[in-house]
Amino acid sequence: MNLSPWLLVPAAILLLLLAFQLRGRTRAGQQKKLSSLYFKGLNYLLNEQPDKAIDTFIQVLKADAETVELHLALGNLYRRKGNIERATRIHQSLIVRSDLDRSQRANALYELGQDYYRAGLLDRAENLFIEFINLEPAHTQALKLLISIYEQEKEWSKAAEIAHKLVGLGHTEFKKNLSHYFCELAQNKIDSHLGRAAIPLLKKALAADRHCVRAYDLLAREAVQRSDLREAKKYWKKIHRLDPAYFDELVGQIVDIYADNGMQPTLERFIGRLEQDLPGLNSVLLVADWHGHRGQQEKAERIKRQWLQDHAGAAALAALNRQHDLQLLNRKGESLTDALQTVLEDFSEYRCIQCGYECNIHYWQCPGCHQWNTVLRRS
Ligand SMILES: [Zn+2]
């Protein structure tokens, strides 16, 4: 008989439990019936007929409440093996019972919630995790699973509520999440031109994480919607101080805003200051363009060349090439652009420092590992 190694684990658990069960029995009739069902189930399991084994164990369960832990263990094993349907059947048969004690009921709810979560039935998983957390309010793993559901469903208020609980339990790393959930809510308000309603949410975001540049960015956007550019400038300065790399993501928008509002002298001062202290590649390209459009081609090329010299690396090269049709020449004056094109096209400008996910636009939440603030421009 070829026995899958993973079957040995539940089989061993079964044998141990069986020995334990039989030792404590007083009623001979029940003992005989149970031992017969156990052996039947065990036999099915050893013969690799897990469906029949499960059906038999469900019969045992109906006859004997003490087998709850056995079924929890078995269901958990099935889920780990990817047999979600079988795990679900076992756990469903548990939670409909009225004679489980509080702890057994909590465990069954949590296990079934995980089955639904794995099967992608997020609504059902959510309901079970909520019920479970009512019984076990400080269960970190269940709270994290609930947060993951709310993030997938973009239920930011609910996600914030759970993140708040986790922070209260000492998981201060969730402050970052909390500030992003408030930012998501604020972003929705601003996108719907209900900017004023965003302000209290952004204050909450900054209360959770006072270095949240996204919150300052959204405050600036809200100020721009109200045409209060003085206030917007205040937030842009704050972002520049806190995170020059993110400020670099904004320079194009800032220039457009000054230009659209006919603020030529302010715009020129802004470009001048940027040129003194270039925070990143977007600024380099912007300043180079600025001079290029004013007939100062040589100056534009010098700025880009200088940046490449200071930041020698494929990331800078790829970005310059993608955005600027960079003409790369060898010493003989022959073009290298074609030869490098394929390599450069495949090169991503952003990368997640957590999981390595690569992309060409900035994300606040990594699409790969779902962490916040981990996607950074490569240097
Ligand atoms: Zn990632």
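The values are calculated or read from the model by the stated rules, or taken from the named source; none is laboratory data. Just so it is clear, the structure is predicted and the values come from calculations on it, not from any experiment. Glycine gets a Cβ as well: all are built from the backbone with ideal geometry, and neighbour counts include every protein chain shown.
Points worth noting:
Matching residues to (1) surrounded by fewer than 14 Cβ atoms within 10 Å (Cβ to Cβ); (2) over 30 Å from Ile149 (Cα atoms); (3) not assigned by TED's automatic domain parsing to the domain that holds Ser379:
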residue	(1), (2), (3)
Gln187	no, no, yes
Leu194	yes, no, yes
Ala220	no, yes, yes
Leu267	no, yes, yes
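- Lys238 vs. criteria within 28 Å of Tyr258 (Cβ to Cβ), touching a residue at least 12 places away in the same chain (Cβ under 8 Å) and not hydrophobic (A, V, I, L, M, F, W, C): yes
- Close contacts from segment 347-358, counting a first residue that is more than 10 Å from Arg377 (Cβ to Cβ) and a second that is assigned to a strand (DSSP E or B) and near the ligand (Cβ under 6 Å from one of its atoms), with Cβ to Cβ under 8 Å and a gap of 6+ residues or different chains, come to Glu358/Cys352.
- Close pairs from segment 51-69: first more than 13 Å from Ile90 (Cβ to Cβ) and of a type in the set (A, V, I, L, M, F, W, C), partner at pLDDT below 75 and surrounded by fewer than 21 Cβ atoms within 10 Å (Cβ to Cβ), Cβ under 9 Å, at least 6 apart: Ala63/Gln30; Ala63/Lys33
Yes/no matrix, rows are residues, columns are (1) over 30 Å from Gln306 (Cβ atoms); (2) of a type outside the set (Val, Ile, Thr):
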| site | (1), (2) |
| --- | --- |
| Leu202 | yes, yes |
| Ala208 | yes, yes |
| Tyr216 | no, yes |
| Gln225 | yes, yes |
| Phe247 | no, yes |
| Val251 | no, no |
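- Residue ID - surrounded by the most Cβ atoms within 10 Å (Cβ to Cβ), chosen from residues in segment 350-369 that are within 7 Å of the ligand (Cβ to nearest atom) and under 19 Å from Lys154 (Cβ atoms): Cys366
- Ala207 meets all of the listed conditions (1) within 21 Å of Leu250 (Cβ to Cβ); (2) touching a Ser or Thr at 6+ places or on another chain (Cβ under 9 Å); (3) of a type outside the set (S, T, N, Q) but one, namely (1).
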